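Here is the structure we will look at, set down as structure tokens.
Since every read-out is calculated from the coordinates, none of them should be taken as a lab result. Since the model is a prediction, treat every value here as computed from it, not as a measurement. Here the Cβ positions follow ideal geometry from the backbone for every residue, glycine too, while neighbour counts run over all protein chains shown.
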Amino acid sequence: MSKLPIVTVMFWVMKIIATTLGETGADMVSQTLNLGYLGSTFLFLALFAVSLIAQLRAKRYHPAIFWAVILTTSTAGTTMSDFMNRTAGLGYLGGALVLTACLIIVFIVWKVSGQAMNVERINTFRGEVLYWIATLVSNTLGTSSGDLLAHNTGIGFVASSVLLTAALALVVAAHYLTPISGTLLFWVAYVLTRPFGANFGNTLTKTHDEGGVGLGTFGASGLLFGMLVALVIYQTATHRRQTRGIQTEPAENMA
């Protein structure tokens, strides 16, 4: 039994909210609360480890646990990326290149392992571990590539978000209008949602002078957290109803 959610519009909405919250929440802790990139990375990696263990030990899909892992990979990915690019001095381009290479290696290892890369068919321990490794690396890459797009090109956070939205729209169009592999398109969209979330998060938190909305890290994080919790509660209730329906069907058929 797969412990990962079915890929629907709701999945993508929650993925974008979670990755955007990962950006604003990480910036809140590392910058606003002054914990620093390295200290924040250790904190978020610890939270990631706890949530991942809970996910791997679970026997079925639990929305709260699954989205907690997505969120912690986003927060840890943000601070790891910022540490690499700013503190360690790799720069946005250097960090993006290193992380892109790492993600390619993960996908190559995954491919040769023989484990299913279609997320709706992942039902083994090794397959799930590979999924979460790819998620952590892609969410770390997302911060670097988002910053690279916004800063190095000079187009800013808003224009970057618009550009990434257009790229995601092309992926959706390719899904419905071309014979391109759905698994390939899923991973392209999965990776693209992270820089979109990073730039959208910066758009929410940065001041008007910096080209942002000016909500600040606390305001933006509170808003996004409330949205994510509401959707997790809704998805949990929906999933329980569907599970009860599946469990009662055999009994009805036997009667």
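Some notes on this structure:
- The stretch between residue 10 and residue 58, if pulled fully straight at 0.36 nm per residue, gains 15.1 nm over its current Cα-Cα span.
- Cα pair distances in the range 25-75, grouped into 5 Å bins until the bin that holds the longest one, percent each: 5, 23, 26, 18, 13, 9, 5, 1
- Over all other residues within a Cβ to Cβ distance under 13 Å of residue 234, the charged ones net out to +2, with Lys and Arg as +1 and Asp and Glu as -1.
- One chain, two ends: residue 109 and residue 87. Fully extended at 0.36 nm per residue, the span grows by 4.9 nm beyond their Cα-Cα distance.
- Inter-probe distance in nm under a simple model that places probes 7 Å from Cα toward Cβ, at residue 236 and residue 218: 2.7 nm
- Restricting the calculation to alpha carbons of the range 9-254 gives Rg and Dmax of 18.5, 67 angstrom.
- Modelled FRET efficiency - R0 22 Å, residue 33 with residue 225, Cβ distances, 0.05 increments: 0.90
- The chain: calculated mean residue ellipticity at 222 nm from DSSP helix runs of at least 4, using -39500 (n - 2.57): -26500 deg cm²/dmol
- Under 14 Å, Cβ to Cβ, from residue 2 - net charge with Lys/Arg +1 and Asp/Glu -1: +3
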